[in-house]
Amino acid sequence: MPQVTMRQMLEAGVHFGHQTRYWNPKMAPYIFGARGKIHIINLEATVPKFTDAMNYLSGLAQKRRTVLFVGTKRSARDAIGEEAQRCGMPYVNARWLGGMLTNFRTVKQSVARLKELEAAETDGTFDKLVKHEVLALRRERDKLEKSLGGIKDMKNLPDALFVIDIGHENIAVLEARKLGIPVVAVVDTNYDPTLVEYAIPGNDDAIRAVQLYARAAADAVLEGKAAAPIQARGDDSEFVELDAEGNPVASGRDEEGRKPARHAAPKKAAPKRPARPANVPPPGNDDKAGLERAEAEVAENEATDEDAAK
């Protein structure tokens, strides 16, 4: 987990809150006091919260989960976009479109349209169109790229959100809560920290503070990915089981990756009947011979009775 010291937070201005008249009472445990009309955040309370949040993001990355970086305010756009790209996570830094999570199916259709326009530009389709048609398609592509370019590779809903300023991104937080998606967010003194699962008490306006948060989140994701178990793939795109030392376990396949054919168990041979001697008649011959003798005796007796009657 990236180590961020209290001194680094002080130098970045993390401890500066909002004006005292705009404070939220639920932030009282994280407020050290006031200087003039500005609340001062207690960094001794911020550091453990920050550590827990970064550990959570690292654990998600280690499980190969997706974290959506969200920061559309002017002071957060560049930092969110750069750090999300550095750690390979999706991001939204231009404008949060209503329904980006709750109506994700429609958003995926817009992403498919964006990819279609990008493919048409690279495969020479635009060269076959007239100038005004090309300009219209490029304007459409630029508009989609600005709002959806950061999530065009996100195939499913994210497993968590990392948000800068929950007040400015209130729609994103509400959609995530509706879908049960955990939210890691920087919460200033004027907002309710109980609205998110992992609240980081701190300044959400200063550029240096936002850069500190985004850089630490990206580092946590990268460390989690580096600690993820290696999943080797065979030629058939199936996962290969690894032992405790990381060596592939024999899968019982041949050199070409084919599973050995299953052979049925050999059938037991039927016991052979003992050979019959040549001079022994087959079964049933004795009964047949006896029947013939009985018929002959009956015929002889009938003939004798007829002679006696004469």
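Rule-based calculations on the coordinates, nothing more; no lab input. Values in this document were obtained by computation on a predicted structure and should not be read as measured data. With ideal geometry, Cβ positions are generated from the backbone for all residues, glycine too; neighbour counts draw on all protein chains shown.
Taking other Cβ within 10 Å of each residue's Cβ, how do ASP153, ASP123, ASP188 sort, fewest first?
Fewest to most other Cβ atoms nearby, the residues stand as ASP123, ASP153, ASP188.
Can you flag which of LYS49/LYS225; LYS63/LYS108; LYS26/LYS63 are past 31 Å Cα-Cα?
Those over the limit are LYS26/LYS63.
Which of LEU114, THR125, PHE104 sits farthest toward the positive end of the charge dipole of the range 104-152, with +1 on the Cβ of Lys and Arg and -1 on the Cβ of Asp and Glu?
Among LEU114, THR125, PHE104, the one farthest towards the positive end of the dipole of the range 104-152 is PHE104.
Would you please give the residues with an amide H less than 5 Å from that of PHE162, counting only those at least 5 places away or on a separate chain, with H modeled from the backbone geometry?
LEU68, PHE69, VAL70, VAL184
Could you give the size of the charge dipole of the range 104-152 about its Cα centre, using +1 on the Cβ of each K and R and -1 on the Cβ of each D and E, expressed in debye and rounded to the nearest 20?
On the way: 12 positive and 9 negative charges, 58 e Å.
Approximately 280 debye in magnitude.
Just add up the charged neighbours of ASP205: K/R +1, D/E -1, any other residue whose Cβ is under 15 Å from the Cβ of ASP205.
-1
Quick check: net charge around ASN24, other residues with Cβ under 12 Å of its Cβ, Lys/Arg +1 and Asp/Glu -1?
It works out to a net charge of 0.
Only loop residues by DSSP count here, and only those with at most 11 other Cβ atoms within 10 Å; note down the trypsin sites (Lys or Arg not before Pro) in the range 137-177 that meet that. The partial results should precede the final answer.
Numbers: sites: ARG138, ARG139, ARG141, LYS143, LYS146, LYS152, LYS155, ARG177; in loops: LYS152, LYS155.
Listed in order of number, the matching sites are LYS155.
Count charges around ALA216 for me, please; just the other residues with Cβ under 13 Å from its Cβ, Lys/Arg as +1, Asp/Glu as -1.
0
Loop-only trypsin sites (Lys or Arg not before Pro) in the range 24-132, please: DSSP not H, G, I, E or B, and at most 16 other Cβ atoms within 10 Å.
Passing sites in the range 24-132 are LYS37, LYS63, ARG64, ARG65, LYS73, ARG74, ARG95.
Considering amide H positions built from the backbone, and no H for Pro or chain starts, which residues 5 or more places from ILE31, or on another chain, come under 5 Å of its amide H?
When sequence neighbours closer than 5 places are left aside, the close amide H contacts are ASN42.
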